[in-house]
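The values are calculated or read from the model by the stated rules, or taken from the named source; none is laboratory data. Note that the coordinates shown come from a computational prediction; the quantities given were computed from them, not determined experimentally. Every residue, glycine as well, gets a Cβ built from its backbone with ideal geometry; the counts of neighbours run over all protein chains shown. Remember, those area values only see protein heavy atoms, side chains included, never the ligands or the DNA or RNA. Shrake-Rupley method; radii C 1.70, N 1.55, O 1.52, S 1.80 Å.
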Amino acid sequence: MQCLYTQFYNNTNNQKRKLKRSPEALEQYNVLFNELKEKALTMKRGLSDDSPMSEVRAFSAQLIEWEQDLRDLAEQLHEDMDTNRVGEGG
């Protein structure tokens, strides 16, 4: 379970790099990131090496879904940053 969580954390934390130029975008991302990170930790704490494989698979599937949600948000915020920057120059 730790490996699944670590992969989720690293992948989603790395999305922040796209947003470093905009404190506002980074803050928006961090709100969801922190919420989902806490949910993932809570789920992980409920699992053990003896947990049924179905529960481990469900945990993995949930992490993948949340990772995609965060990736989508980071991409949207990054696009918004680029759009706003272009608009400021015009």
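Just need a number here: residues in region 22-38 that are of a type in the set (A, V, I, L, M, F, W, C) and loosely packed, with under 13 Cβ neighbours inside 10 Å.
Filtering region 22-38 down to residues of a type in the set (A, V, I, L, M, F, W, C) leaves 25-26, 31-33, 36.
Filter once more, keeping what is loosely packed, with under 13 Cβ neighbours inside 10 Å: 31.
Total satisfying the criteria: 1.
Of all residues in region 1-51, those being among the basic types (Lys, Arg) and closer than 13 Å to Ala74 by Cα number 5.
Looking at Leu41, is it over 12 Å from the mean Cα position of the chain (by Cα) and open to solvent by less than 50 Å² (accessible area, probe 1.4 Å)?
yes
Considering region 65-77, the residues that are surrounded by fewer than 16 Cβ atoms within 10 Å (Cβ to Cβ) and touching a residue at least 40 places away in the same chain (Cβ under 8 Å) include one that is farthest from the chain's Cα centre (by Cα), namely Glu75.
Among the residues of region 51-90, the ones that are at pLDDT below 95 and aliphatic (A, V, I, L, M) come to 2 in all. When restricted to residues that are closer than 26 Å to Thr83 by Cβ, part of a helix (DSSP H, G or I) and of a type in the set (D, E, K, R), region 15-42 contains 6. Taking region 1-21 as the range and being buried (at least 18 other Cβ atoms within 10 Å of the Cβ), touching a residue at least 60 places away in the same chain (Cβ under 8 Å) and not hydrophobic (A, V, I, L, M, F, W, C) as the test, only Lys18 passes. Of the residues contained in region 43-61, none is found to be in contact with a Lys or Arg (Cβ under 8 Å, 6 or more places away or on another chain), touching a residue at least 24 places away in the same chain (Cβ under 8 Å) and either of a type in the set (A, V, I, L, M) or not in a helix (DSSP H, G or I) (or both).
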